[in-house]
Amino acid sequence: MTKREIADVLEEIAFLLELKGENPFKVKAYSTGARVIESLPEEPTVLVQKGLLRNVKGIGQTLERRSTSNWV
């Protein structure tokens with residue numbers, strides 16, 4: 001997946017969580033993750049493969065766990 005596709009999915013998840021009435025911090029985490037992924041200088045799949053995604057500010061533990069199984 002490209003970083004644009006990943007950011008779109010994360011934004012959609014944030015939107016759906018907000019509609020569901022989830023914790024606002026959780027919604028914000030997904031929105032922030034989308035912006036961070038989109039602004040990366042390289043594709044996030046490269047960082048996942050190298051095990052470096054956890055070093056990116058704005059990518060929390062939950063997004064990192066999801067990435068290892070879904071973005072590569």
Can you spot a residue in the range 9-18 that is touching a Lys or Arg at 6+ places or on another chain (Cβ under 7 Å) and surrounded by 13 or more Cβ atoms within 10 Å (Cβ to Cβ)?
yes
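From the list LEU17, LEU52, LEU47, exactly one residue is out of contact with any helix residue (DSSP H, G or I) (no Cβ under 7 Å at 6 or more places or on another chain), free of Cβ contacts under 8 Å to residues at least 24 places away in the same chain and hydrophobic (A, V, I, L, M, F, W, C). Which is it?
Working: LEU17 fails: out of contact with any helix residue (DSSP H, G or I) (no Cβ under 7 Å at 6 or more places or on another chain); LEU47 fails: out of contact with any helix residue (DSSP H, G or I) (no Cβ under 7 Å at 6 or more places or on another chain).
Of LEU17, LEU52, LEU47, the one residue that is out of contact with any helix residue (DSSP H, G or I) (no Cβ under 7 Å at 6 or more places or on another chain), free of Cβ contacts under 8 Å to residues at least 24 places away in the same chain and hydrophobic (A, V, I, L, M, F, W, C) is LEU52.
Looking at the range 14-51, which of its residues are of a type in the set (A, V, I, L, M) and either farther than 20 Å from ARG4 by Cβ or modelled with pLDDT of 90 or more (or both)? Steps first, please.
So the first thing to find is which residues in the range 14-51 are of a type in the set (A, V, I, L, M), and the list is 14, 16-17, 19, 27, 29, 34, 36-37, 40, 46-48.
Once the filter is applied, which keeps residues that are of a type in the set (A, V, I, L, M) and either farther than 20 Å from ARG4 by Cβ or modelled with pLDDT of 90 or more (or both), the range 14-51 yields ALA14, LEU16, LEU17, LEU19, VAL27, ALA29, ALA34, VAL36, ILE37, LEU40.
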Test result for ILE37, within 8 Å of the chain's Cα centre (by Cα), surrounded by 15 or more Cβ atoms within 10 Å (Cβ to Cβ), assigned to a helix (DSSP H, G or I) and in contact (Cβ under 8 Å) with a residue 12 or more places away in the chain:
yes
Of the conditions (1) touching an Asp or Glu at 6+ places or on another chain (Cβ under 9 Å); (2) modelled with pLDDT of 95 or more, LYS3 clears all except one; give me its number.
(2)
Scan the range 60-72 and give yes if some residue there is surrounded by 11 or more Cβ atoms within 10 Å (Cβ to Cβ) and modelled with pLDDT of 85 or more, otherwise no.
no
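The values are calculated or read from the model by the stated rules, or taken from the named source; none is laboratory data. Not measured: the values here are computed from a predicted model. Positions of Cβ are generated from backbone atoms using ideal geometry, with glycine treated the same way; all protein chains shown enter the neighbour counts.
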